[in-house]
Every structure is written in structure tokens, then in C-alpha cells.
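The values are calculated or read from the model by the stated rules, or taken from the named source; none is laboratory data. In this text the structure is predicted, and so the values were computed from the model without any measurement. Here the Cβ positions follow ideal geometry from the backbone for every residue, glycine too, while neighbour counts run over all protein chains shown. Note: areas computed on protein heavy atoms with side chains; ligands, DNA, RNA excluded. Shrake-Rupley method; radii C 1.70, N 1.55, O 1.52, S 1.80 Å.
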Amino acid sequence: MAIELAEKAKELGLKYFLISYTDLFGSQRAKLVPASAIAGMQKNGAGFAGFATWLDLSPADPDMFALPDPSTLTPLPWKKDVGWLASDIYMAGEKVEQGPRNVLQRVMAQAKAAGVQMKSGVECEFFLTTPDGTAIDDALDTATKPCYDAGALLRRYDVITEICDAMLELGWGAYQNDHEDANGQFEMNWNYDDALITADRHVFFKFMAKSIAEKHGLRATFMPKPFLGLTGSGCHSHVSLWDGSKNLFEDEAGELGVSQLGYHFIGGAIKHADALAALLNPTVNSYKRINAPRTTSGATWAPNTVTYSGNNRTHMVRIPESGRFEMRLADGAANPYLLQAGILAAGLDGIENKIDPGKRLDINMYTDGHLVTDAKRLPLNLLDALRALEASETLKASLGEDFVKSYIKLKHGEWNEYAAHLSDWERKATLDC
């Protein structure tokens, strides 16, 4: 039965709806719609000027409409009379190809045509900082190895539990929260699900964490590397493929970690890793997390080489147990929809072409990585990653040429703005040249 949002408003006591979409840079955009107007918005969508957000559009383009997906209705746990809705964006009656949620759905349709469904879970890491973002807020959080620090976790009990209680209330299956490897850094986990559901929840989680942190006078930032000496914020994704109730990555023989199909999927991720970095590490700052020197805790926990292993966190791909693998490349800035779409597109190519991921390595890449001379390195900066994505005909075909063209165009603009910036380091290093 179709979900009528006007009826849901009465049933749940909702006064307003946030009709939301996510732009190419991962920013969440929304209109606040009174419940009395939601029936029309459900039918026709909420109108936006697309050029005003990070989409490759112009002021001359017609109105863009965000058509809400009623199945995503989520009452805000911290403002219960408002219901959040994820939306698909349309223009002139057609889906906007560059819309990130549309991109993911397009790749998921390719997977469905191949008889598979991707399920995934994400590990969201973030820092709680002062409101201006220049320092962590907890003056007592100074340990050299602060990971799992019980005292630091309990000092932020009110914030962390309010977010966790919200996820429990929403039925996400939240199951653990911890203080992460950097001072002021936390991670929260909930159950895996269909890739689109996970992406929608990922978008909402970032919005919720920021909103609840602000309520407590703090700032939640998912910036990949806000503090140079500390471990950056990753967004590890755990991936499996399913056919109905059957996990196609399950290694029935119990010897390989994942099935042969799973290894071909990993082969696709290995092959396209440099191009995937443009989506999974989408900011200038991202490249201060990967390819980084060791942090004060003793390790970056981030990859710098395109390798895979078993239950070993020093590689880009980790196979912790049969039936799934963990992609450790992505960071906190990754657009939730493009994160899932990129991994799936690369993996489907691996399956279709039976790509061999190469030799599994069980060494510590942080100490012995220099001994591996034939492994591909990750891009050193955003520009290199964008060039790799631009050169990938496979990802263009799967993700959509118009999307890739638009994404690269806007990200080149971001890179050019960064390159035009004159830093204090340049002055200090060059004034007396």
C-alpha cells in the first residue's frame, strides 16, 4: 500500500516535513514544508533552483523538483514534530542524471539486472570540537593512545547516547559506540542493510550528529583530517552481495575468506581504486589522511597502497571473516550515495570481467609495505584522483557520463580554488629563496 504522507502527519503528530536532497559535494539541501501542504509536494515535489547548490546547472535552467521518497520518512528524534524525507531530483519530468541518489539507484539497477543486490554498512567516524572547529572540546582528552578510552567516552555520554538512543528509536539496530584513535574522535555503528537504505541513513546520521552536537554547544565534524598530528576520520564500508536470502560472498569451503565471486568483486575495487578515490576521498583535505605519516597514536589506520588482506587493518581492503569485506579507503567527507555507487560499479566490473585481485598480502603494510614493489599507489592529491576518474571509461559508463563530467567539472573548480590559495607555509619557505 502506498504511503500517504498527509495521513502519516496526522498519525505521527508531524507539523512539518524536511524535503531533502544531497548535492554533488554531499551537502544536504532541504525545504521545510507544513503538513497541510505535503500532499501536493508528495505528488509534484518541492521546487529548487539547482544552480544555487553544488550541482552542474545554471541560472538559466528550469526549476528542479525534489520528489520525496515516502519510505524514508524519519521523524527527527530531537524535534519530533518534523519528518525528514530523502528525495530524488527531477527536471522537466526527467531524473537529473548527476543527482547522487539517482546515480546510486542507476548502479543498483545494473546490479539487479545481473541478479545481485549489494548490502553494506558504514563506520562513521567524527570529531567533537569547539564550535569554531579549531580544537577538540574536551581538555582532558590528551592521551597518546586514546582509542576506547572509557573516561573520554563517558565525558561525552550525553551527546553520544542521545544520538545512539535516536538510532535505536528509529529501528536502525545501533549496537556500539566508542572513542576512536584520535583525541576527540568517536565512532558509532548500526546494522548493515540494502545499499540505498544504508546511504539514506548515512546522510541522516551526519545531519543528526551535527544537529545534536550543536544542541550541546559542540561541533561534530566529519572532515577527513582536521588535526594534522591525529588520526583522520575514515568511513569504512562493509560490503556483501546477495541473491535473496543467500550471501553470495560466503565462502562455503571455509578456506578463501570470501567466495570466488567476492574475489572478483574485490578485483574490480583494486583495479579502479585510483579513480574511486575521487569519490571516496573527495576533498583536498582527504589526501592528508591517506598517504599520511604516522600519527601520535603510532598508526594512521588509513591505506596508502592498493592491496588487500585478511583480518589486517593496514590494507585498503580487509576480509575480516567469510561473507563480507571492508573497504577502508573512504573518509568522512565521502558523499554517502557516491560512496556506495562507486564501490558497486567497480565491483560489478570485477565480476563481469572476472578480474583477479592479485596476491593476497598478510604483511604489516605500515612497517613492511616498502617491500611490496608491484602494488599500485593511491593518488597523492585530489587532482590525480580526478584525472584517474576522468580516464575511467568503465566508471563513466556505469555511473553515467553526464554525472562524471559534472562531478569532475565542479571538483576541478574546488582544486583550482585551493591552488590559488597562498599559504603561510609558502611564505615561510619561499620568501628568502
Failed item in (1) in a loop (DSSP other than H, G, I, E, B); (2) in contact (Cβ under 8 Å) with a residue 24 or more places away in the chain; (3) open to solvent by 60 Å² or more (accessible area, probe 1.4 Å), with Ala334 passing the rest: (3)
Members of the range 199-244 found to be among the small types (Gly, Ala, Ser) and within 15 Å of the chain's Cα centre (by Cα), listed by number: Ala199, Ala209, Gly232, Ser233, Gly234, Ser237
Counted residues, the range 413-427 - those being open to solvent by 70 Å² or more (accessible area, probe 1.4 Å), in a loop (DSSP other than H, G, I, E, B) and not hydrophobic (A, V, I, L, M, F, W, C): 1
Cross-chain or 6+ apart pairs with Cβ under 9 Å, the range 391-417 first and under 17 Å from Glu97 (Cα atoms) and without any contact (Cβ under 8 Å) to a residue 40 or more places away in the chain, then open to solvent by 50 Å² or more (accessible area, probe 1.4 Å) and not acidic (Asp, Glu): Lys396/Lys405
Sole residue being open to solvent by 30 Å² or more (accessible area, probe 1.4 Å), of a type in the set (Ser, Thr, Tyr) and at pLDDT below 95, chosen from Thr296, Thr300: Thr296
Criterion: open to solvent by 90 Å² or more (accessible area, probe 1.4 Å), within 28 Å of Gln260 (Cβ to Cβ) and in contact (Cβ under 8 Å) with a residue 24 or more places away in the chain - qualifying residue of Asp374, Asp362, Asp349: Asp362
Close pairs (9 angstrom Cβ cut-off, 6 or more residues apart or separate chains): in contact (Cβ under 8 Å) with a residue 12 or more places away in the chain in the range 261-285, in a helix (DSSP H, G or I) and among the aromatic types (Phe, Trp, Tyr) anywhere: Ala277/Tyr287; Ala278/Tyr407; Leu279/Tyr407; Asn281/Tyr287; Pro282/Tyr407; Val284/Trp415; Val284/Tyr418
Top-ranked residue of the range 75-101 - restricted to ones that are without any contact (Cβ under 8 Å) to a residue 60 or more places away in the chain and not in a strand (DSSP E or B), ranked as surrounded by the most Cβ atoms within 10 Å (Cβ to Cβ): Val96
Residues of the range 44-74 satisfying the condition of being surrounded by 17 or more Cβ atoms within 10 Å (Cβ to Cβ), in contact with a Phe, Trp or Tyr (Cβ under 8 Å, 6 or more places away or on another chain) and not in a loop (DSSP other than H, G, I, E, B): Ala46, Phe48, Met64, Phe65, Ala66, Leu67, Pro68, Thr72, Thr74
Single match in Cys124, Cys147 (criterion: out of contact with any Pro (no Cβ under 8 Å at 6 or more places or on another chain), on the phi < 0 side of the Ramachandran plot and open to solvent by less than 30 Å² (accessible area, probe 1.4 Å)): Cys124
